[in-house]
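Right, one structure below, let's go through it.
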Amino acid sequence: MKKRKVFIGGNWKMNLNHLEGKEFVEKLLQLIRNNEKKEIVIFPPFTTLFTVSEVIKNSKIKLGAQNVHWEDKGAFTGEISPQFLIALGCEYVIIGHSERRKYFLENDEMINKKIKKSLSTNLKPVFCVGENLEEREKGETLQVIENQLKKGLKDIKELNGMVIAYEPVWAIGTGINALPAQANEVHSFIREFISQNYGKKISENLRIIYGGSVNKDNIKDLLKEEEIDGALIGGVSIKLNEFAQIINLDL
């Protein structure tokens, strides 16, 4: 049995408007069993958050957002305040996803500010780290991960419910996932980093999850690994039956 409660996150990315999202979640609630061994969190687009929050209000599913700004309010056109997310019932927020880094040029300094702000408002960051294919082939994976952790967590004293997601960039949306042993090696490295910087007790309680082409066929083997505490699931999280299968998986 897992030492830490398994985290299953569904990152919808830029999919499912508020009407589609409402229908999806209503059907999902009918398909899933109550499973105390898992924490289920879905991350809809901003325009879908309110509608979904109303549907899941008294259910076992929790709500998260895909991004957040580091200020509560101001002249930041197109951005979203952490206070707005909290008002909608969000408990988690994804920070540092490789798609934000790649397409919207988010750097480690911005990510660090977002994590600090989220923690100060009691939003729990799902902090994403991961190497690209070139970095893995050069044997630089652990160096890249350490650098992202150091910069992303700079001057942060408390982790307050944070989840760290290891997402190798070369595995996101490609259909290729890291082998369970490969992923577990990186997860072990992350846990040791947290232990050295925040203490063994915090490290032992911190959930480190895997993301990158996770599906119903590979998730069981991933979760068998000691240091893998769950998954951040992309494309499959909007495939109703397959996502429900993953949620209902016996551990």
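The values are calculated or read from the model by the stated rules, or taken from the named source; none is laboratory data. Bear in mind that the values here come from a model prediction, so they are computed numbers and not experimental data. Cβ: placed from backbone, ideal geometry, glycine included. Neighbour counts: every protein chain shown.
Of the residues making up region 27-82, those that are under 24 Å from Met162 (Cα atoms), basic (Lys, Arg) and either in contact (Cβ under 8 Å) with a residue 40 or more places away in the chain or part of a strand (DSSP E or B) (or both) are Lys37, Lys38, Lys62.
Scan region 157-185 for residues that are surrounded by 18 or more Cβ atoms within 10 Å (Cβ to Cβ) and part of a loop (DSSP other than H, G, I, E, B) and the total you get is 7.
With respect to the conditions (1) farther than 19 Å from Val6 by Cα; (2) modelled with pLDDT of 95 or more, Val186 falls short on a single one, namely (1). Within region 89-122, the set of residues being buried (at least 18 other Cβ atoms within 10 Å of the Cβ) and not in a helix (DSSP H, G or I) comprises Cys90, Tyr92, Val93, Ile94, Ile95, Gly96, His97, Glu106.
In the set (1) touching a residue at least 12 places away in the same chain (Cβ under 8 Å); (2) in contact with a helix residue (DSSP H, G or I) (Cβ under 9 Å, 6 or more places away or on another chain); (3) surrounded by fewer than 23 Cβ atoms within 10 Å (Cβ to Cβ); (4) over 17 Å from Glu137 (Cα atoms), the condition left unmet by Ser188 is number (2). Scanning region 191-231 for residues that are more than 14 Å from the chain's Cα centre (by Cα) and either of a type in the set (A, V, I, L, M) or buried (at least 22 other Cβ atoms within 10 Å of the Cβ) (or both) yields a count of 5.
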